[in-house]
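Visitor: Mind looking over this structure? Questions follow.
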Amino acid sequence: MIDIARAAGVSSATVDRVINNRSGVKERTRELVMEAAQRLGYLSAGSVMSETIRRIRLDFVLPAGTNTFIANLLSQLESQASARSDLDVRIHSIEGFNPDTLARTLQDLHGQTMGVGVIALDHPTVREAMRSLCASGVPVVTLVSDILHVPRIGYIGIDNRAAGRLGGYLLGRFLGRGVKRKIALFAGSLSYRGHEEREMGFRHIIADDFPDLEVVELREVRDDRDRAFEEATALFRRHPDLAGIYNIGAGNSGIGRALVEAEMAGNLIFVGHELTEYTRKLLLSGVMDAIIDQNPRVEAREALSMLTRTAQGLPIDYHPPRLQVIFRENIPET
């Protein structure tokens, strides 16, 4: 390291960061270190270590659990990263609704990565961990649910407030105007800003355009299908005349199961998010009426691109995912 540092005109610490593929080193400095190592004979131009040093280490922190959309996003990140020889991508699946666990995971990435993508809770400890990472020179992007007032380089995802308005519009048009009806909301957790924004958009359009619809309950189910089933079953007992449901987050399969067991499937309008293997079946069977979808393949592609280009010192070229409404009649091929 001392020999390479002297030849490259940098410190031994910089050489150490390059060799271990850590952040905080400019691309040109990395090239100088590599050239010095090759010139001195410590590294051949085509060696395995040479290729390893040049790879960009990226880390993604995602919530664990039964959320099928998150599982699909994780799978897309892994498959797309594996097709690229320039990337070393690592996925951290953690307890999704514990801000302290999330903050510690982010803090542990100091000096270990060249970019981080995170589905983050909007919480003070998480915001502080993100600020600390960014201050150390690690670029951060938020995925699926954004957090404001932190120095992230971008947000990869849909406009969640618009998604909530779309959910309210669909439910209102299905149920029609002029008749008093009860509707209910389910959410994963309003600690996710994305879920909070969907609720705001939904309530605003219901109040403005469909005043005959009354939101009788909002239940948080932690994106867990079993908890969603239990909450939905209790809801149907309390409100057997319920006319519609909008599910902001995951847990659609649990709500669908409760509808079938309560013999309410087909008699109640059910609108939710994300086309998965479960929601596809619910659409085909008529248990669900509409799905608001965001494409995990596109989000994985854009996240990898944004972080990679930033690590390379290139301008960001972002193509955001689009909202798509899917009914039984237009389910896309897998």
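Visitor: For region 196-224, give me each residue that is part of a helix (DSSP H, G or I) and either open to solvent by less than 20 Å² (accessible area, probe 1.4 Å) or among the aromatic types (Phe, Trp, Tyr) (or both). Explain how you work it out, then say what you get.
Guide: Here is the first cut: in region 196-224, the ones part of a helix (DSSP H, G or I) are 196-209.
Matches in region 196-224: 198, 201, 202, 205, 206.
Visitor: I've got another one for you. Hey, could you check region 13-40 for residues that are over 26 Å from residue 90 (Cβ atoms) and outside any loop (DSSP other than H, G, I, E, B) and say which is most open to solvent (accessible area, probe 1.4 Å)?
Guide: Looking at the filtered set, the residue picked out is 39.
Visitor: Going by the conditions given, is residue 257 outside the structural domain of residue 88 (by the TED database), in a loop (DSSP other than H, G, I, E, B), buried (at least 17 other Cβ atoms within 10 Å of the Cβ) and out of contact with any strand residue (DSSP E or B) (no Cβ under 8 Å at 6 or more places or on another chain)? Steps first, answer last, please.
Guide: Numbers: outside the structural domain of residue 88 (by the TED database): yes; in a loop (DSSP other than H, G, I, E, B): no; buried (at least 17 other Cβ atoms within 10 Å of the Cβ): yes; out of contact with any strand residue (DSSP E or B) (no Cβ under 8 Å at 6 or more places or on another chain): yes.
When the stated conditions are applied, residue 257 does not pass them.
Visitor: Do we have residue 161 as part of a loop (DSSP other than H, G, I, E, B) and under 16 Å from the mean Cα position of the chain (by Cα) here?
Guide: no
Visitor: Can you tell me which of 146, 122, 100 is charged (D, E, K, R), part of a loop (DSSP other than H, G, I, E, B) and open to solvent by 40 Å² or more (accessible area, probe 1.4 Å)? I'd like the intermediate steps shown before the answer.
Guide: On the way: 146 fails: open to solvent by 40 Å² or more (accessible area, probe 1.4 Å); 100 fails: part of a loop (DSSP other than H, G, I, E, B).
After applying the criteria, what remains is 122.
Visitor: Now a separate question. Applying the selection to region 260-304, what residues are in a helix (DSSP H, G or I), touching a Ser or Thr at 6+ places or on another chain (Cβ under 9 Å) and crowded, with 23+ Cβ neighbours inside 10 Å?
Guide: 279, 282, 296, 300
Visitor: While we're here: Out of 140, 144, 150, which single residue is at positive phi and touching a helix residue (DSSP H, G or I) at 6+ places or on another chain (Cβ under 8 Å)?
Guide: Details: 140 fails: at positive phi; 150 fails: at positive phi.
After applying the criteria, what remains is 144.
Visitor: Name every residue in region 205-232 that is touching a residue at least 40 places away in the same chain (Cβ under 8 Å) and touching an Asp or Glu at 6+ places or on another chain (Cβ under 9 Å), in order of residue number.
Guide: Answer for region 205-232, where residues must be touching a residue at least 40 places away in the same chain (Cβ under 8 Å) and touching an Asp or Glu at 6+ places or on another chain (Cβ under 9 Å): just 231.
The values are calculated or read from the model by the stated rules, or taken from the named source; none is laboratory data. Just so you know, these numbers come straight off a predicted model, no measurement behind them. As a convention, Cβ positions derive from the backbone with ideal geometry for all residues, glycine included, and neighbour counts pool all protein chains shown. In case anyone asks, the SASA skips ligands and DNA or RNA and just uses the protein heavy atoms, side chains included. Shrake-Rupley method; radii C 1.70, N 1.55, O 1.52, S 1.80 Å.
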